[in-house]
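One structure is given below, encoded as structure tokens.
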Amino acid sequence: MAILYSGCELGAHEPTVSEQLCKIEAAELFYFESAIRDALDQDIIESADPRAEALSLRAAVEGILARARILNDPDELSALTALPINILRPRPRATWPSRRTKSSAKQSRFILPEAIC
């Protein structure tokens, strides 16, 4: 989020920098979304909209980081450990499907978008 804030502040004055920061933010969000899609494909988290979950997770992470920075208290970062479990709602391990062999496992869908900004 610090990148996002910097990009917003620089937007009018440094469009090239702002554009690059936008691309970094988009790639980060896409990475979160891809990881969530993989978890959904493996049926280890509850059904959800991957984009919405990625936005929620990323926003919560950035909020915790901002709070720790504002309060100048690194102990605030301890909330990060429970965050994915609280947002992504993993299924109990006993309900996970059995491990698939390499030949039957789906390939990751992680393909970086050309231009999101």
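Give me the dipole magnitude in Debye, nearest 20, for segment 2-92 about the Cα centre, with unit charges on the beta carbon: positive for Lys and Arg, negative for Asp and Glu.
Computed about the Cα centre, the dipole is about 120 debye.
Please order Ser47, Ser56 by the number of other Cβ within 10 Å, starting at the fewest. Walk me through the numbers before you get to the answer.
Numbers: Ser47 8, Ser56 18.
The order, fewest Cβ neighbours first, is Ser47, Ser56.
Work from the charge dipole of segment 2-92 (Cβ charges, +1 for Lys and Arg, -1 for Asp and Glu, about the Cα centre) and give the residue of Ile44, Val17, Val61 farthest towards its positive end.
So the residue we want is Ile44.
Once you list every other residue whose beta carbon is under 15 Å from the beta carbon of Leu80, what net charge do they have if Lys and Arg are +1 and Asp and Glu are -1? Intermediate values should be presented prior to the final figure.
On the way: positive: Arg58, Arg67, Arg69; negative: Glu62, Asp73, Asp75, Glu76.
Summing Lys/Arg as +1 and Asp/Glu as -1 gives -1.
Report, to one decimal in Å, the Kirkwood hydrodynamic radius for segment 2-92 based on all distinct Cα pairs.
On the way: mean 1/r = 0.0685 Å⁻¹.
After inverting the mean inverse Cα-Cα distance, the result is 14.6 Å.
Each reported figure results from applying straightforward, stated rules to the coordinates on display, with no laboratory input. Fair warning: this is a prediction, and the values are worked out from it, not measured in the lab. As a convention, Cβ positions derive from the backbone with ideal geometry for all residues, glycine included, and neighbour counts pool all protein chains shown.
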